[in-house]
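Worksheet: one structure, shown below.
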Amino acid sequence: MINRASLSEMVVPYGDTAPVQAKKNAFDSGEYNIGNMANSLTLGCDCLGEIQYFDGHSVDSHGNPWTIENAICMHEEDDSILWKHFDFREGTAETRRSRKLVISFIATVANYEYAFYWHLFLDGSIEFLVKATGILSTAGQQPGAKSPYGQSLNNDGLYAPIHQHMFNVRMDFEVDGPNNAVYEVDMEYPEHNPTHTAFKAVDRLLETEQAAIRKTDGAKHRFWKIANHEKKNIVDEPVAYRLIPTNGIQLAAGDESYVSKRAQFARNNLWVTAYDRTERFAAGEYPNQATGADDGLHIWTQKDRNIVDQDLVVWYTFGMHHVVRLEDWPVMPRQNIGFMLEPHGFFNQNPTLNLPTETRTTN
């Protein structure tokens, strides 16, 4: 379904006008090389259960190879019920429990920890989560003062500025084959609606790269569908997966800001490009000190290539708008952000009907 998926880019802009804060726009994936900051995971704390660990292999700044032991954790977890129905006529119930395969790693980037999780579910759904925790980046102010751009953490002059954590994931799709197309699906009200209760989902084919630069729209319950016109399901519709755009925020900084020029991928949520093996990172190949003038998604999509029935790459931008609270200090509780991929006509029926029942008795 997905040939390859990876964290393409990440940026953390701060919304404070103070001289030191206004400069902060760390590209944690590109500038800091977040993979090299992966933790060695510990059983019972970072991962729980029957675990398969994988070492991470990388190179230092001089090209010398080195290994991060237990950098990646893979295990299964119970995931509550998958489906259930109670037949009130017969007084019987059928229930199947869900399990998910969890593949994760955790990286410490200066003051923050980012835990990255791929969840693979029995019904074919895929979830990507980023769990942010760690220590806030703080600053000083006059004792007793209140900054409009942050949260005072005490009355002695300590505060934490408002900021964002913006992520972009690159997904090289192959939905039942290499040639795919992308539809934007919006909820619309029909013109003829005498009962004022009718609404329907309307598909709109995104035909070129420029047409596929899109934002989320909660009012229209928008999602995107990646389809294969060459493969049909039982009702003669193209098999597809849909991207559910949770946490689909955009960059809050103005377009003329330095961070916005460098991180133009974060101005929009969806980008779709024709596959090019050289186009790997949303902000360009070398984001460190880049200006955004000659590389990145906003440059590549100016070619406006055809993206109908092509080998496609889908880029999704999401994030956390971190309005700091007192409860985030001194160590921030985990905050989850991410998105879902769900089969949409990919199967002819619920693919988990044949899961075994689990009968448990207590004495």
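The values are calculated or read from the model by the stated rules, or taken from the named source; none is laboratory data. The shown structure was predicted, so the numbers you read here are calculated from the model rather than taken from an experiment. Neighbour counts run over all protein chains shown; Cβ positions are idealised from the backbone, glycine included.
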Taking the stated definitions as given, is THR317 touching a residue at least 12 places away in the same chain (Cβ under 8 Å), of a type in the set (Val, Ile, Thr) and crowded, with 16+ Cβ neighbours inside 10 Å? yes
Taking region 224-269 and the residues there that are crowded, with 20+ Cβ neighbours inside 10 Å and among the aromatic types (Phe, Trp, Tyr), the one that is nearest to GLU31 (Cα to Cα) would be PHE265
Which members of region 218-259 meet the condition of being closer than 16 Å to VAL182 by Cβ and charged (D, E, K, R)? ARG222, LYS225, GLU230, LYS231, GLU237, ARG242
Among residues belonging to region 7-48 that are out of contact with any helix residue (DSSP H, G or I) (no Cβ under 9 Å at 6 or more places or on another chain) and among the acidic types (Asp, Glu), point out the one that is farthest from PRO148 (Cα to Cα). ASP46
Residue identified as out of contact with any helix residue (DSSP H, G or I) (no Cβ under 7 Å at 6 or more places or on another chain), part of a strand (DSSP E or B) and among the polar types (S, T, N, Q) among THR133, THR197: THR133
Please state which one of LYS146, LYS84, LYS131 is under 30 Å from THR42 (Cα atoms), out of contact with any His (no Cβ under 8 Å at 6 or more places or on another chain) and among the basic types (Lys, Arg). LYS131
Taking the options ILE103, ILE135, ILE126, name whichever one is within 22 Å of VAL324 (Cβ to Cβ) and touching a strand residue (DSSP E or B) at 6+ places or on another chain (Cβ under 8 Å). ILE135
Give region 250-276 a look and list any residue that's modelled with pLDDT of 95 or more, of a type outside the set (Ser, Thr, Tyr), assigned to a loop (DSSP other than H, G, I, E, B) and farther than 22 Å from MET320 by Cβ, or say none. ASP276
Looking at this structure, is MET187 more than 17 Å from LEU297 (Cα to Cα) and touching a helix residue (DSSP H, G or I) at 6+ places or on another chain (Cβ under 6 Å)? yes
Looking at region 89-113 only, could you name the residues that are of a type in the set (Gly, Ala, Ser), assigned to a loop (DSSP other than H, G, I, E, B) and under 25 Å from the mean Cα position of the chain (by Cα)? ALA110
Answer yes if at least one residue in region 13-24 is surrounded by fewer than 18 Cβ atoms within 10 Å (Cβ to Cβ), over 22 Å from the mean Cα position of the chain (by Cα) and at positive phi, and no otherwise. no
Residues of region 56-88 being outside any strand (DSSP E or B) and either surrounded by 12 or more Cβ atoms within 10 Å (Cβ to Cβ) or not aromatic (Phe, Trp, Tyr) (or both), in sequence order, are ASP60, SER61, HIS62, GLY63, ASN64
If you scan region 25-53, which residues turn out to be farther than 27 Å from ARG262 by Cβ and either acidic (Asp, Glu) or surrounded by 15 or more Cβ atoms within 10 Å (Cβ to Cβ) (or both)? ASN39, LEU41, ASP46, CYS47, GLU50, ILE51, TYR53
